[in-house]
Amino acid sequence: MAQYEHVFLARQDLSQAQVDALAASATEIVEAQGGKVVKTETWGLKSLAYKIDRNRKAHFVMLNIEGPGSLVAELERQNRINEDVIRWLTIAVEEHEDGPSVMMRKNDRDKKRRSDREERN
């Protein structure tokens, strides 16, 4: 089966529960199309480089997906319909990354730096 990474950006005014519900609905779409979501990561609320539909920030969510190519078309069609999703990107990958993604490792590294700084003061 083909492997994909699907990242979508949700509007900034959504609660974390609503973002989790969006991820769950994306998982349901994938499973209905005969695929499987291997891993789901919520990267949190991050600033955007430029405004998108009057949003300066967005909730970032990544899904690692295994399945046929037809499920990508359906998943992107559903994203196009959903008003809460402002951008998405799906790429085919050779294999999924083991452990946390680069974004999650960056968050851990930043938290460690902040705690080190606080200890020095």
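The values are calculated or read from the model by the stated rules, or taken from the named source; none is laboratory data. Since the structure is predicted, the reported quantities are computational estimates derived from the model, not experimental observations. So basically every Cβ, Gly included, is an ideal-geometry build from the backbone, and we count neighbours across all protein chains shown.
Kindly indicate whether ASN79 is in a strand (DSSP E or B) and either of a type outside the set (Asp, Glu) or over 15 Å from the mean Cα position of the chain (by Cα) (or both). Judged against the criteria, ASN79 is not a match. Of all residues in the stretch 1-23, none satisfies the criterion of being assigned to a loop (DSSP other than H, G, I, E, B), out of contact with any Gly (no Cβ under 9 Å at 6 or more places or on another chain) and closer than 19 Å to LEU71 by Cα.
Among the residues of the stretch 93-114, the ones that are at pLDDT 75 or above and surrounded by fewer than 11 Cβ atoms within 10 Å (Cβ to Cβ) come to 3 in all. When SER70, SER47 are checked against the criterion of being assigned to a helix (DSSP H, G or I), hydroxyl-bearing (Ser, Thr, Tyr) and loosely packed, with under 15 Cβ neighbours inside 10 Å, a single residue qualifies: SER70.
Within the stretch 21-55, being acidic (Asp, Glu) and out of contact with any Ser or Thr (no Cβ under 7 Å at 6 or more places or on another chain) holds for GLU28, GLU31, ASP53.
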